[in-house]
Amino acid sequence: MTLQLRPFTEADFGTLIDWFASEAALVQWGGADMRFPLDDAQLGAMLREGAGDRAARWLFSGVVGGATAGHCQAALDWRHGVARLGRVAVNPAFRGRGLAAPFLRQVIDRIFADPAFKRVELNVYTFNNAAIRTYRGLGFVEEGVRRSAVQVGPERWDTAMYGLLRTDPR
Ligand SMILES: CC(C)(COP(=O)(O)OP(=O)(O)OC[C@H]1O[C@@H](n2cnc3c(N)ncnc32)[C@H](O)[C@@H]1OP(=O)(O)O)[C@@H](O)C(=O)NCCC(=O)NCCS
């Protein structure tokens, strides 16, 4: 199964909104600041950050056979050469087929293709085994855990921080 990277656009909004059926699923994907349900307004604000030569954010779709199979964003700190990967998701209909790593490998290659970027980092909730296996397989190193970092309904979740340097083995 070949996955191709292309920019995320407004035409993808409806598809992405359908992937998150609960507040917990939305926060697991997008972090504690997301408001359930995901909507055009929240996605529009993200997309606007993607404008310009030195955008604050790059937004990607992963396409398999014409279908949107993945989504990922990178928040860009141009001054310090750091890209923070986030809002990584594989379409529920495509999960468990080993697509996450090849998708993110293309995103990481795209980031490091720009000489400005020396480091890619990300946050992941510690129970998210599929995500953590993916990130470790790509060479990310765990750098610490923020214990009891967010409140989601009645639960508090721990956040692990991972980093990958341009010079790290991949
Ligand atoms: C995290 C996510 C992108 C992974 O994609 P996926 O299609 O489910 O996973 P893949 O089939 O590519 O497998 C990735 C790895 O996780 C493992 N895995 C897959 N599903 C798993 C599960 N339910 N529990 C534990 N491990 C799992 C696979 O065996 C594989 O590990 P390996 O490479 O060591 O063999 C996807 O599950 C997702 O979109 N989750 C919801 C949003 C989310 O949590 N995003 C991450 C935010 S940090």
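The values are calculated or read from the model by the stated rules, or taken from the named source; none is laboratory data. As the structure is a computational prediction, the values presented were derived from the model and not from experiment. As a convention, Cβ positions derive from the backbone with ideal geometry for all residues, glycine included, and neighbour counts pool all protein chains shown.
A few notes on this one:
- Any hit, segment 141-152, residues being closer than 21 Å to residue 62 by Cβ, among the aliphatic types (A, V, I, L, M) and more than 8 Å from the ligand (Cβ to nearest atom): no
- For beta carbons closer than 8 Å, sequence separation of 6+ or different chains, a first residue in segment 109-124 that is closer than 12 Å to residue 141 by Cα and touching a residue at least 24 places away in the same chain (Cβ under 8 Å) and a second that is away from the ligand (no atom under 16 Å from the Cβ) and of a type in the set (Gly, Ala, Ser), the qualifying pairs are 119/81.
- Selection over segment 52-81 of residues that are over 11 Å from the mean Cα position of the chain (by Cα), assigned to a strand (DSSP E or B) and under 22 Å from residue 136 (Cα atoms) gives a count of 3.
- Matching residues in segment 127-170 - criterion: being among the hydroxyl-bearing types (Ser, Thr, Tyr) and crowded, with 16+ Cβ neighbours inside 10 Å: 134, 135, 159, 162
- Search result, residues across segment 125-146 that are without any contact (Cβ under 8 Å) to a residue 24 or more places away in the chain and among the β-branched types (Val, Ile, Thr): 145
- Qualifying residues in segment 82-126 (those that are outside any strand (DSSP E or B) and touching a helix residue (DSSP H, G or I) at 6+ places or on another chain (Cβ under 6 Å)) - the one surrounded by the most Cβ atoms within 10 Å (Cβ to Cβ): 100
- Qualifying residue in segment 98-115 (condition: over 22 Å from residue 8 (Cα atoms) and at pLDDT 95 or above): yes
- For the residues 79, 95, the requirement of being of a type outside the set (Ser, Thr, Tyr) and within 7 Å of the ligand (Cβ to nearest atom) singles out 95.
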